[in-house]
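Colleague: Handing you this structure, nothing more for now.
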Number of protein chains: 2
Amino acid sequence: MPKYHDELDAVLRALADPTRRAVVERLARSPAVVSELAAPFSMALPSLMQHLRVLESAGIISSQKDGRVRTVTLRPGGLDVVHLWLDEQRTPAERQADRLGIHLTRTTRRERLT
Amino acid sequence: MPKYHDELDAVLRALADPTRRAVVERLARSPAVVSELAAPFSMALPSLMQHLRVLESAGIISSQKDGRVRTVTLRPGGLDVVHLWLDEQRTPAERQADRLGIHLTRTTRRERLT
């Protein structure tokens with residue numbers, strides 16, 4: 001799956017930077033215009049724009065320009081590729097613990113119902 | 001939480017490299033000795049050892065030396081910090097979808113039981 005691996009690579013490289021993660025954290029609350037995103041960082045606007053381009057080309061954010069105002073949004077599902085990869089890396093012991101957890105939940109629920 | 005952010009930063013930087021991800025993918029199946037890990041990569045051993053050091057200092061893997069053989073293991077829970085961060089970045093719409101999903105599961109289960 002080269003597409004999956006390219007996407008995963010772009011997303012993880014984008015998230016490896018603390019400024020870009022801070023932008024994602026802000027956007028998880030609500031969409032924002034570029035000037036709002038720039039405010040908490042002591043950073044020149046061109047540097048912030050560069051970070052936004054990296055996030056956008058990784059498919060993590062999308063942006064829309066209305067006149068001179070650009071609004072940036074977290075793209076739903078943009079981080080799913082990392083979730084997927086992490087799930088694949090569960091060790092056999094962790095998978096077994098998951099199954100035990102599911103079994104215990106089911107057993108407890110059944111006991112409560114009987 | 002500076003410790004959480006430092007850990008997250010180290011783990012995401014470590015995972016931003018495709019060779020290091022390939023090592024994690026191999027170790028998710030089972031522990032391995034260094035020579036086994038080196039085999040699929042056309043890479044000098046010192047370069048692989050450098051990648052292993054990055055993964056170990058990020059807390060993703062641990063290693064144990066027995067005589068001249070070093071065995072490398074995926075550290076259980078070593079990737080949890082990324083799971084945590086990803087969960088925090090769910091947008092309000094995604095959280096709402098989750099709640100709807102949980103509600104539907106509960107409703108369906110209740111209907112099946114009555």
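Colleague: Counting only residues that are more than 18 Å from A:R75 (Cβ to Cβ) and more than 15 Å from the chain's Cα centre (by Cα), how many does the stretch A:1-35 have?
Modeller: Total meeting the criteria: 4.
Colleague: I've got another one for you. Working only within the stretch A:61-86, note down all residues that are of a type in the set (V, I, T) and more than 27 Å from B:R26 (Cα to Cα).
Modeller: Listed by number, the residues that qualify are A:I61, A:V69, A:T71, A:V72, A:T73.
Colleague: Would you mind stating whether A:A44 is open to solvent by less than 90 Å² (accessible area, probe 1.4 Å) and within 14 Å of another protein chain (Cβ to nearest Cβ)?
Modeller: In short, no.
Colleague: Restricting to the stretch A:23-33, name every residue that is out of contact with any helix residue (DSSP H, G or I) (no Cβ under 7 Å at 6 or more places or on another chain) and more than 10 Å from chain B (Cβ to nearest Cβ).
Modeller: Result: A:V33, single match.
Colleague: Search the stretch B:75-93 for residues that are facing another protein chain (nearest Cβ under 9 Å) and pair each with any residue that is of a type in the set (D, E, K, R) and in a helix (DSSP H, G or I) when their beta-carbon atoms are under 7 Å apart and the residues are at least 6 apart or on different chains.
Modeller: B:P76/A:E94; B:Q89/A:E25
Colleague: Would you mind finding the one in A:S63, A:S42, A:S35 that is assigned to a helix (DSSP H, G or I) and of a type in the set (S, T, N, Q)?
Modeller: Residue meeting the stated conditions: A:S35.
Colleague: Is it the case, given these coordinates, that B:L52 is open to solvent by less than 40 Å² (accessible area, probe 1.4 Å), assigned to a helix (DSSP H, G or I), within 12 Å of chain A (Cβ to nearest Cβ) and not basic (K, R)?
Modeller: Taking the combined requirement at face value, the residue does not satisfy it.
Colleague: Taking the condition in contact with a strand residue (DSSP E or B) (Cβ under 9 Å, 6 or more places away or on another chain) and not aromatic (F, W, Y), does A:A16 pass?
Modeller: no
Colleague: Now for a separate question. For A:Y4, which of the numbered conditions (1) surrounded by 14 or more Cβ atoms within 10 Å (Cβ to Cβ); (2) touching a residue at least 60 places away in the same chain (Cβ under 8 Å) fails to hold?
Modeller: Status for A:Y4: all satisfied but (1).
Colleague: Search the stretch A:55-69 for residues being open to solvent by 80 Å² or more (accessible area, probe 1.4 Å) and more than 16 Å from A:R13 (Cα to Cα), and hand back the single one that is modelled with the lowest pLDDT.
Modeller: A:R68
Colleague: Continuing with the same structure: Out of curiosity, is A:A14 facing chain B (nearest Cβ under 8 Å), in contact (Cβ under 8 Å) with a residue 40 or more places away in the chain and outside any loop (DSSP other than H, G, I, E, B)?
Modeller: Answer is no for this residue.
The values are calculated or read from the model by the stated rules, or taken from the named source; none is laboratory data. The structure presented is a predicted model; accordingly, all values stated were derived computationally and were not measured. A quick note on method: Cβ atoms are made from the backbone with ideal geometry, for glycine too, and the neighbour counts reach across all protein chains shown. Keep in mind that these areas ignore ligands, DNA and RNA; they rest on the heavy atoms of the full protein, side chains included. Shrake-Rupley method; radii C 1.70, N 1.55, O 1.52, S 1.80 Å.
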